[in-house]
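A short reminder: the numbers here are calculations on the coordinates, not readings from a lab. Here the structure is a predicted model, which is why all the values come from computation and not from measurement. Cβ sites come from the backbone with ideal geometry, for glycine too, and all protein chains shown count toward neighbours.
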Amino acid sequence: EKTINVALVGNPNAGKTTFFNHASGSSERVGNYSGVTVSVKRATFKHKDYRIVIADLPGTYSLTAYSPEERYVRDYLIQEKPDIVINLVDASNLERNMFLTTQLIDMDMKVVMALNMFDVLKKLKAELDYDEMGRLLGMPIVPTISSKGKGISELMERVVKVYEDQESIVRHIHINYGTEVENAIVALQNIIKKDADLVSFASPRFLSLKLLEEDKSLQNVFEKSEYYEELKAKASKHKKIIEETYNDDVNTVLTDAHYGFISGALRECYKEKDVDRHVYT
Ligand code: GDP
Ligand code: MG
Ligand code: K
């Protein structure tokens, strides 16, 4: 019997706990995590010949580590290295929910997307070609209605397939950040790749972005590297180039690129049924 470690990640109120309860057959009380005491609920259940260990992580809009929940989820993904991340999104609010998806892509996570609240999406005057979106994002996307338990076993089927490397849609994609940022990433990655500890800690691309953002929560990780001074100097040189080119701070440049990527994907896959109205233009 094989064990698959799965982490459930998504915005607050996307339906994670409802999904978790249906998938695991337990009846954890549905509710928000409050305050700074962040916790994670785990359950184990069987799907065919597999033992699935699922973790219901706190809801977050981002993984930039500015709040205890964000920090917790990001650290959990880095430390626990789950086999698969189920990114549960609220299908009726895709643009906002997919910000987290783009960050999971940056982290090189193996993601299966649960397009939850699919009943709500169907009531909107809109149609989403989720197979096409899956091809663009390089991940399986499965419609779910967690409150009715719908789509969950189909989703677990895809989780198993990704785990077994049998899912042809899976592709390593990158958010394209534009020439200056991509140049910076290449330069930083080349240094990071010399340090085995950094490479085993997280993906070099993700770490490069964190260096450019001057992410303080990872400061101690970088400080331990013998290449710390070199990394710091390179990052600050490229940060300057980026900020002069865009006339904006680097975090804004990166965030804009994420939203640019999302609106590009939605433009191709999300169609208003009423031709006179366009949400994503
Ligand atoms: P969490 O914050 O992500 O854990 O979200 P919850 O599981 O607490 O769900 C938030 C609310 O959305 C609850 O009232 C659920 O009953 C409801 N909900 C969850 N999934 C769905 C769904 O697919 N469709 C609809 N219409 N409501 C849902
Ligand atoms: Mg919850
Ligand atoms: K909730």
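Amide H to amide H distances under 5 Å link Asn116 with Val89, Ala91, Thr144, where only residues 5 or more positions off or on other chains count and H is placed in the peptide plane.
In order along segment 55-62, phi translates into HN-Hα couplings of 10, 8, 8, x, x, 8, 8, 7 Hz, rounded to whole numbers, per the Karplus curve 6.51 cos²θ - 1.76 cosθ + 1.60 with θ = phi - 60° and x for Gly and Pro. Count charges around Arg135 for me, please; just the other residues with Cβ under 15 Å from its Cβ, Lys/Arg as +1, Asp/Glu as -1. After counting each charged neighbour, the total is -2. Converting phi to 3J(HN,Hα) with the Karplus coefficients 6.51, -1.76 and 1.60 and the offset θ = phi - 60°, segment 222-229 yields 5, 4, 6, 6, 5, 9, 3, 4 Hz in sequence order, with x at every glycine or proline. Taking θ as phi - 60° and the Karplus parameters 6.51, -1.76 and 1.60, the scalar couplings of segment 70-85 work out to 4, 4, 4, 5, 4, 5, 4, 5, 5, 7, 7, 6, x, 5, 9, 9 Hz in sequence order, x denoting glycine and proline. Can you pick out the pairs among Lys125/Lys161; Lys81/Lys193; Lys48/Lys193; Lys2/Lys81 whose Cα atoms lie more than 28 Å from each other? Correct reply: Lys125/Lys161; Lys48/Lys193. Loop-resident GluC sites (Glu not before Pro) (DSSP state other than H, G, I, E or B) in segment 98-200 with no more than 15 further Cβ atoms inside 10 Å of their Cβ: Glu164.
For the chain, take the longest principal axis of its alpha carbons; what is the angle in degrees between that and the long axis of helix 152-163, to the nearest 10 within 0 to 90? Between the helix axis and the principal axis of the chain, the angle is about 40 degrees.
A cut-off of 5 Å between modelled amide H atoms, ignoring neighbours fewer than 5 places along the same chain, links Val111 with Val85. Taking packing as the residue-averaged number of other Cβ atoms within 10 angstrom, the listed peptides 87-94, 260-267 run from highest to lowest as 87-94, 260-267. Dipole magnitude for segment 118-256: computed about the Cα centre from +1 point charges on Lys and Arg Cβ and -1 point charges on Asp and Glu Cβ, it is near 300 debye. The charge dipole of segment 165-238, taken about its Cα centre with unit charges on the Cβ atoms of Lys, Arg (+1), Asp and Glu (-1) only, comes to about 100 debye. The alpha-carbon of Lys46 sits under 19 angstrom from the alpha-carbons of these aspartates and glutamates, leaving out residues fewer than 8 places away in its chain: Glu1, Glu28, Asp56, Asp83, Glu154, Glu157, Glu164.
The orientation-averaged projected area of the convex hull spanned by the Cα atoms of the chain comes to 15.7 nm².
Computed about the Cα centre, the dipole magnitude for the chain is approximately 800 debye when only Lys and Arg (+1) and Asp and Glu (-1) carry charge, each at its Cβ.
A helix-only calculation puts the chain at -14500 deg cm²/dmol for mean residue ellipticity at 222 nm, using -39500 (n - 2.57) for each DSSP H run of at least four residues, averaged over all residues. Taking GluC sites (Glu not before Pro) across segment 224-267, the ones in a DSSP loop with at most 10 further Cβ atoms lying within 10 angstrom of their Cβ are Glu226.
Using the alpha-carbon atoms, what tilt in degrees (0 to 90, nearest 10) does helix 179-192 show relative to the longest principal axis of the chain? Its long axis makes an angle of about 80 degrees.
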